[in-house]
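A short worksheet on the structure shown next.
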Amino acid sequence: LELEIRFDEHRIIQVQYHNLSTLNSRIQPFELPEINSNFMGAKSSRYAYTNSISANGLFLNSLQKIDFNTNSSTIFSVIDSNIYLTSPLFVAVDHALSEDDGYIICYGYVNAAGQHKSLIYILNATDIESPLA
């Protein structure tokens, strides 16, 4: 178990317990998190976008959207096509209505026999399961 202690604007203590085994069963290992910078300094950010380990479990080569309110994640991976994705960049839309109102941009690297090229992926940050371009 992990204990998190926060102070709100009135210095009231909020205590929350996280069951790490439950959380870890729902979220893949990750690094290089990215959030909507318009929400930095807010009481809490609901979403983070990270690179993550794909189903083959070998490399950090997929994208993951983590929802901290539901302790769940969504994964986008193209490792079956030998495409390795890099860390995400969040780009908010003007006049965004929600924290995940924007786009995720990341590079992909094709590492297949006879093919070595770079790609750029653009995904809707609300639903990262299929790229827009």
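For the peptides 33-39, 88-94, residues were scored by their other Cβ atoms within 10 Å and the scores averaged per peptide; the highest-first order is 33-39, 88-94. For Ile75, the accessible area of its heavy atoms, probed at 1.4 Å with every protein chain present, is near 60 square angstrom.
For Val110, the solvent-accessible surface computed with a 1.4 Å probe is close to 10 Å², ligands and nucleic acids excluded. Solvent-accessible surface of protein heavy atoms, probed at 1.4 angstrom with all chains present, puts Tyr109, Tyr121, Tyr84 in the order Tyr109, Tyr84, Tyr121, largest first. Once C-alpha pairs closer than 8 Å and six or more residues apart are averaged by separation and normalised to the residue number of the range 89-133, the relative contact order reads 31 percent. Is the shape of the range 39-133 rounded, prolate or oblate, going by the alpha carbon gyration tensor and its root eigenvalues a ≥ b ≥ c, with a/c under 1.5 for rounded and a/b larger than b/c for prolate? Prolate is the answer for the range 39-133, as a/c is 1.5 or above and a/b outweighs b/c.
The values are calculated or read from the model by the stated rules, or taken from the named source; none is laboratory data. Remember, it's a predicted structure, so these values are computed and weren't measured experimentally. When we count neighbours, we look across all protein chains shown, and the Cβ atoms used for this are built from the backbone with ideal geometry, even at glycine. Ligands, DNA and RNA are stripped out before the accessible areas are found, and what is left, the full protein with its side chains, is counted by its heavy atoms. Shrake-Rupley method; radii C 1.70, N 1.55, O 1.52, S 1.80 Å.
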